[in-house]
Structures are given as structure tokens and as C-alpha cells.
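Some notes on the structure that comes next.
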Amino acid sequence: LMVALPYPCLALIADGFTNDARADRAVEAVRAGVRWVHLRDHEASPEAFATAAHALADRLQTAADDVTITVNTRVDVADALGSGAHIGWRGPSVGETRERLGPEALIGYSAHEHVEAEGDRTQGVDYYFFSPVFPTTSKPDRPPTGIGPLRAFCRVAAPVPVLALGGITPERVSVCREAGAHGVAVLSGIMNVDTPRAAARAYLRALAEHA
């Protein structure tokens, strides 16, 4: 049973978005129909991250007035943007993030095979990214979980929706949906290709076929 959500089933992980060329790819993906962009850049300084996040958010909202934006770990930037935030086992809890951003904010949590979808840290979370499901170049040192743990996690997390992340290709969308995932989160498949628009459309088609 798929839970109807106020946000899309394809999230673009705009990793390294402080780089202009990568920001351009995120904008291209939104022009192609992507409606959720997740801003992530572990290497950027707080100032560079905040400046680039404001600039890209403006561009994304110009490209589509219904785009959902979430910010990875930097809750202060999410607060300034009025966007959602995404956290993990380090940093603030869901409760602390909710207190800062308010009851309507979209708050997500990064889960891995060893993380239970339970407990005080994740109480009140809106969605999970579960990763890495398949081998991925962005986390080469982390072994993939495969579909079995994704299926088990979706069951434990229910009714909170789960997006599968890590090595997701358009061809792998169907197996993730069949395992119970609400949708998929994609980094390399859109951000690291020459034709981000065409790539984004391929994911959107696959999701539409397996809705």
C-alpha cells in the first residue's frame, strides 16, 4: 500500500551544488520534471553553502513553482530558506530539528541497515532515505544492503515512507517499489551525466510505470 504524500517520489540529491556546473544540472532536472531537490555538499564551508543554497533555491523556484527543497544537515540554512531539512545519526535529533523549523517543515532521516526506524531520535520523522541499496560510486567504501534489507526496513518504518538511495538506475526503480519503497533518491544517475534532463525523464517514466 503506497501512502499518498504531499511530496514527490523522486528526490534529486544535488551533491556538490555549490559548484556552478552542478547547480546548473539540478536546474535542468527540475525543468525536466523533477520536483524534489535535496541540497548536499559536505565539503563546502558554512558561508559558501548558505550563499549557494539561497541562489540555487531561487533558481529552482523560478524553474518550477511547486518544487520541494530539503537541506542536508545544515538546519540553520533550512530555517533561513523556509525549506525542509534532512538529518542523520550525527547532529540534531528529529525533535530538535522540528522545534527549530516548526510543525509544517518536511524532515527526513538517513537510515542504513543497522539503524532501526524506531526510537526517540527519529520520532516524528516525515520520510527516510535508506542507503546504499546497490553499489554506488559516491559511497564506494560502504557495502550495498541489497533489496532484502530495504524491504524489511520499509516494513519497520511503515507508515513513514522510504526512498531507496544508492546505485538506483531507472531499471532498478521497479524492484525498489516492489520492496515497499515510496520512491527513489538519485545522485550519480542525474548529477554525473552529460544529459541531466534526459536522465531525469527516464527516472520519472520508470516511476510512472511502477506507481
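The values are calculated or read from the model by the stated rules, or taken from the named source; none is laboratory data. Quick caveat, the model's predicted, so the values are computed rather than measured. Neighbour counts are summed over all protein chains in view; Cβ atoms, including those assigned to glycine, are modelled from backbone coordinates with ideal geometry. Keep in mind that these areas ignore ligands, DNA and RNA; they rest on the heavy atoms of the full protein, side chains included. Shrake-Rupley method; radii C 1.70, N 1.55, O 1.52, S 1.80 Å.
Of the residues that make up the stretch 195-205, is at least one farther than 21 Å from residue 38 by Cα and open to solvent by less than 60 Å² (accessible area, probe 1.4 Å)? No, the conditions are met nowhere in the stretch 195-205. Put simply, of 72, 19 the only residue that is over 27 Å from residue 158 (Cα atoms) and not β-branched (Val, Ile, Thr) is 19.
Residue-by-condition table, conditions (1) crowded, with 18+ Cβ neighbours inside 10 Å; (2) touching an Asp or Glu at 6+ places or on another chain (Cβ under 7 Å):
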| residue | (1), (2) |
| --- | --- |
| 80 | no, no |
| 90 | no, no |
| 94 | yes, no |
| 108 | yes, yes |
| 126 | yes, no |
| 135 | no, no |
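Of all residues in the stretch 77-101, those satisfying the criterion of being without any contact (Cβ under 8 Å) to a residue 24 or more places away in the chain and either within 23 Å of residue 9 (Cα to Cα) or part of a helix (DSSP H, G or I) (or both) are 79, 82, 85, 87, 88, 96, 97, 99. The residues in the stretch 23-48 that are of a type outside the set (A, V, I, L, M, F, W, C) and under 14 Å from residue 186 (Cβ atoms) can be counted, and the count is 6.
Is there a residue in the stretch 204-211 that is over 18 Å from residue 26 (Cα atoms), in contact (Cβ under 8 Å) with a residue 24 or more places away in the chain and not in a helix (DSSP H, G or I)? Yes, the conditions are met somewhere in the stretch 204-211. In the set 35, 25, only one residue is over 13 Å from residue 108 (Cα atoms), crowded, with 22+ Cβ neighbours inside 10 Å and charged (D, E, K, R); that residue is 25.
Identify all residues within the stretch 55-70 that are open to solvent by less than 10 Å² (accessible area, probe 1.4 Å) and hydrophobic (A, V, I, L, M, F, W, C); write none if there are none. Answer for the stretch 55-70, where residues must be open to solvent by less than 10 Å² (accessible area, probe 1.4 Å) and hydrophobic (A, V, I, L, M, F, W, C): 56, 57, 60, 64. Please state which one of 170, 159, 196, 144 is under 13 Å from residue 132 (Cβ atoms) and either in contact with a helix residue (DSSP H, G or I) (Cβ under 7 Å, 6 or more places away or on another chain) or at pLDDT below 95 (or both). Within the list 170, 159, 196, 144, the selection yields 144. Does any residue of the stretch 142-157 turn out to be in contact (Cβ under 8 Å) with a residue 12 or more places away in the chain, open to solvent by less than 50 Å² (accessible area, probe 1.4 Å), assigned to a strand (DSSP E or B) and among the small types (Gly, Ala, Ser)? The answer is no; no qualifying residue exists. Within the stretch 173-194, the set of residues being in contact (Cβ under 8 Å) with a residue 12 or more places away in the chain, more than 30 Å from residue 124 (Cβ to Cβ) and open to solvent by 30 Å² or more (accessible area, probe 1.4 Å) comprises 188, 192.
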